[in-house]
Amino acid sequence: MGDRYNILSQMEHLQSKYMGTGHPDTTKFEWATNQQRDTYASLMGHYDLTNYLAIGENESKARIKFNLLEKMLQPCGPPPEKKTED
C-alpha cells in the first residue's frame, strides 16, 4: 500500500510541476493543445527540423519560426464553450 501511495504522490507532484503532463480533469481540448504546442516548440528548437520545414515550404527560416509562434497561440482553434450546470 505504501508503494502505491508513493507513486500517486509522485504523479501529483509531476502534474503540478509540469503543465503538459495533465491531470484527471484535463479535457481532450487541453490535452490536444498541449501536444500541439510541444510539437511546435520542438520544431522551433531543433535547427535541422526548422531547416527541413523551410526547404519543404520554400520559406525562410525566420518566416517558419514566426509561423510556428503564431500557431502556438491557438493551435487547435478557439476553445469549446464550457457547459454550465443550471
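The values are calculated or read from the model by the stated rules, or taken from the named source; none is laboratory data. Every value quoted in this text rests on a predicted model; they were computed, and no experiment measured them. Every residue, glycine among them, receives a Cβ derived from its backbone with ideal geometry; neighbour counts consider all protein chains shown. Side chains included, ligands, DNA and RNA excluded: accessible areas come from the protein's heavy atoms. Shrake-Rupley method; radii C 1.70, N 1.55, O 1.52, S 1.80 Å.
So, of the residues in the stretch 20-34 that are open to solvent by less than 80 Å² (accessible area, probe 1.4 Å) and closer than 17 Å to P78 by Cβ, which turns out to be nearest to the chain's Cα centre (by Cα)?
N34
Which one is farthest from T39 (Cα to Cα), of the residues in the stretch 58-80 that are open to solvent by 100 Å² or more (accessible area, probe 1.4 Å) and more than 20 Å from the chain's Cα centre (by Cα)?
Only one residue fits best here, namely N58.
Would it be correct to say that T50 is open to solvent by less than 50 Å² (accessible area, probe 1.4 Å), assigned to a helix (DSSP H, G or I) and within 20 Å of K82 (Cβ to Cβ)?
So T50 fails the test.
List every residue pair whose Cβ atoms sit under 7 Å apart, with the two residues 6 or more apart in sequence or on different chains, where the first one lies in the stretch 6-28 and is assigned to a loop (DSSP other than H, G, I, E, B) and the second, anywhere, is of a type outside the set (V, I, T).
G22/Q15; G22/W31; H23/Q15
Residues of the stretch 35-47 being closer than 30 Å to K83 by Cα and either open to solvent by less than 40 Å² (accessible area, probe 1.4 Å) or assigned to a loop (DSSP other than H, G, I, E, B) (or both), which ones?
Y40
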